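Note sheet for the following structure.
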Amino acid sequence: MSNPQPPRIAGPETRPWQRLRELATTVGAQHLRDLFASDAERFEHCSARACNLLLDYSRQRIDAEVFAAFAALADAVDLRSAIAAMRRGDAINTTEKRAVLHVALRQRAGQQLGGAEVERLVLAERTRMLDFAERMRRKYRTVVNIGIGGSDLGPAMAVGALARYSEGAPRLQFVSNVDGCQITDVIASSDPVTTLFIVSSKTFTTQETLANAHAAREWIAGALGEAAVPDHFAAVSVNTAAMNAFGVHPDYRFEMWDWVGGRYSIWSSIGVSLAIAIGAQHFLAFLDGGRDIDEHFASAPWHANLPAIAGFLGVWNANFLGLPTLAVLPYDQRLARFPAYLQQLEMESLGKSVTQGGTAVQWGTGPVIWGEPGNNAQHSFFQLLHQGTPRAALDFLLPARSSCGRQGQHDLAIANCLAQAEAFAFGQPLDVAGSVYKVHEGNRPASIIAFDALDPATLGRLIALYEHKVFTQSVIWGINAFDQWGVELGKKMCAGLVPAVTGQGTEASAGAAPPHLGPLLETLRGWKR
Ligand code: F6P
């Protein structure tokens, strides 16, 4: 599980990268109108289907030559062996010297991803967690996940996405923000007797999560007595000592492992709130969906490999076409939290500027990810995307079937999605527009990721597609997608500032804030009095 990693060559240091530079000035400079005009079968040439997903990238400024250069680039950086190293459990998270085994979390018996011991641990904990989820489903009326980042976004997004599958389940609530407003609202709307809190924290040291967990604990102990605490708190963590100190009963706690990154952890017991919402069978279907994409990613040739293609397009748009942001636009309200989920997955993974070898990158890396449900976005920020000066790449997510049983209305959503993708690609020239103010330049590149319906397996496939897309990009850029040192400095500074803000602690610690913060702190104190 800890084979040392051979140094890898990054994409920009290879010959195919030079070829892509040339192609950016020819193919990349063409208008999508011309690319479509020159190839009557562009959809056939620029789309791929696998695992019941359709990736239509015909509206990307790419052609067969660009694609061939990317396939050569994938070989030059040896993406294939990087995938194998991940599945074996090599320590590919080099700065933390850890394996990266979210793929092992969705394996079935006999696959031995990460080795026999990892498989045994995963399957045993999965069975315990799903059994617990089924029992809690019947026992409680409100279930509150307390966690932040990867211990919140995945479950919160997936519970929303699969709302249709949670009939008969308790009401699921998510509390993440340190400011206390969410926990206040949850407490105000819940009955302590019928409420279960799940403290989800890989480390069990996260300030936000501990503040909320202690507020919840006080509420339960105050209402039902200290002895009731073990019955109302479950936890998921690697930190056994902290779970002991909090008073979590051994039957109510679930293990995770340091080889699961927070933003890749929904497949572990961190997904227990999702399992309570949708039930064990649907949770297993969700894992199956993720596994479908794992097998596809590990075996499909590049021209048919959805995550690899999505990764190539990400690199093409960011490094060669100068598009530093990606807007994620689901045409399904149930996917409202999907852009936020992807923000952590992509930006915490790819927001790096040092290579795995420890040198500063000389090329652009992860783009800014943002987005909203597409139909709402049409009436807010699409104006800028159509006619403004900043440019963005676009991902449209499009189910064929309604997620709420209103196919007639969902058909309108489909029509809107296709209309927008067409308008972004083809635009509207002056002779048609009739006025300079109505000109749409078009040529805004977009992918459409279409699928049958937003069911558990499909959601699993979508998430795994983006996970492996991110991995593909990280291998090409030569960076580690699995550490997140950039979040540490602010955390450390915050711990140092708490005494100055609260006025508690020793005189020395309260006075330890940098002098230039003095006037601001004093103003805030004045308003609090
Ligand atoms: O601050 C970022 C982060 O470390 C994420 O990577 C992680 O998902 C989140 O905090 C929560 O961490 P934990 O699960 O340990 O509470």
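Things to note:
- In region 240-254, the residues that are of a type in the set (Gly, Ala, Ser) reach residues that are open to solvent by less than 20 Å² (accessible area, probe 1.4 Å) with C-beta atoms within less than 8 angstrom, at least six apart or across chains, in these pairs: Ala242/Phe204; Gly247/Val229; Gly247/Phe233.
Residue by residue, here is whether (1) open to solvent by less than 20 Å² (accessible area, probe 1.4 Å); (2) over 18 Å from the mean Cα position of the chain (by Cα); (3) polar (S, T, N, Q) holds:
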{"site": "Gly279", "(1), (2), (3)": "yes, yes, no"}
{"site": "Asn305", "(1), (2), (3)": "yes, yes, yes"}
{"site": "Ala308", "(1), (2), (3)": "yes, no, no"}
{"site": "Gly311", "(1), (2), (3)": "yes, no, no"}
{"site": "Gly314", "(1), (2), (3)": "yes, no, no"}
{"site": "Ala318", "(1), (2), (3)": "no, yes, no"}
{"site": "Leu326", "(1), (2), (3)": "yes, no, no"}
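- Filter result for Glu117 (assigned to a helix (DSSP H, G or I), in contact with a Ser or Thr (Cβ under 7 Å, 6 or more places away or on another chain) and of a type in the set (Asp, Glu)): no
- Checked against the criterion of being within 16 Å of the ligand (Cβ to nearest atom) and in contact with a helix residue (DSSP H, G or I) (Cβ under 7 Å, 6 or more places away or on another chain), the candidates Val439, Val470, Val487, Val475 yield just one match: Val470.
- Among the residues of region 166-196, those that are open to solvent by less than 30 Å² (accessible area, probe 1.4 Å), within 16 Å of the ligand (Cβ to nearest atom) and under 23 Å from Ser268 (Cβ atoms) comprise Val175, Ser176.
- Within region 255-277, residues that are among the hydroxyl-bearing types (Ser, Thr, Tyr) and away from the ligand (no atom under 13 Å from the Cβ) reach partners that are open to solvent by 10 Å² or more (accessible area, probe 1.4 Å) and part of a helix (DSSP H, G or I) with beta carbons closer than 7 Å, at six or more positions or on different chains, in the pairs Ser273/Val159.
- In region 138-167, the residues that are over 17 Å from Arg263 (Cα atoms) and polar (S, T, N, Q) form Cβ pairs under 9 Å with partners that are more than 11 Å from the ligand (Cβ to nearest atom) and part of a helix (DSSP H, G or I), at six or more places apart or across chains, as follows: Thr142/Val186; Thr142/Thr194; Ser166/Val159; Ser166/Ile276; Ser166/Ala277; Ser166/Ile278; Ser166/His282.
This table checks each residue for (1) within 16 Å of the ligand (Cβ to nearest atom); (2) under 25 Å from Leu342 (Cβ atoms); (3) in a loop (DSSP other than H, G, I, E, B).
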{"residue": "Arg87", "(1), (2), (3)": "no, yes, no"}
{"residue": "Thr127", "(1), (2), (3)": "no, no, no"}
{"residue": "Leu130", "(1), (2), (3)": "no, no, no"}
{"residue": "Arg138", "(1), (2), (3)": "no, no, no"}
{"residue": "Val144", "(1), (2), (3)": "yes, yes, no"}
{"residue": "Gly154", "(1), (2), (3)": "yes, yes, no"}
{"residue": "Val159", "(1), (2), (3)": "no, yes, no"}
{"residue": "Arg164", "(1), (2), (3)": "no, yes, no"}
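- Only one entry in His296, His282 is in contact with a Cys (Cβ under 7 Å, 6 or more places away or on another chain) and either in a helix (DSSP H, G or I) or outside the structural domain of Val470 (by TED's automatic domain parsing) (or both), namely His296.
- Some residue of region 275-287 being closer than 30 Å to Ala91 by Cβ and in contact with a strand residue (DSSP E or B) (Cβ under 6 Å, 6 or more places away or on another chain): no
- Test result for Val199, of a type outside the set (Phe, Trp, Tyr), in contact with a strand residue (DSSP E or B) (Cβ under 6 Å, 6 or more places away or on another chain), within 18 Å of Asp231 (Cα to Cα) and within 16 Å of the ligand (Cβ to nearest atom): yes
- Test: residue in region 58-75 that is in contact with a Lys or Arg (Cβ under 7 Å, 6 or more places away or on another chain) and under 22 Å from Leu462 (Cβ atoms): yes
The values are calculated or read from the model by the stated rules, or taken from the named source; none is laboratory data. Fair warning: this is a prediction, and the values are worked out from it, not measured in the lab. FYI the Cβ positions are ideal-geometry reconstructions off the backbone, even for glycines, and counts take in every protein chain you see. The protein model used for the area step is the full one, side chains on, heavy atoms only, and it has no ligands, DNA or RNA in it. Shrake-Rupley method; radii C 1.70, N 1.55, O 1.52, S 1.80 Å.
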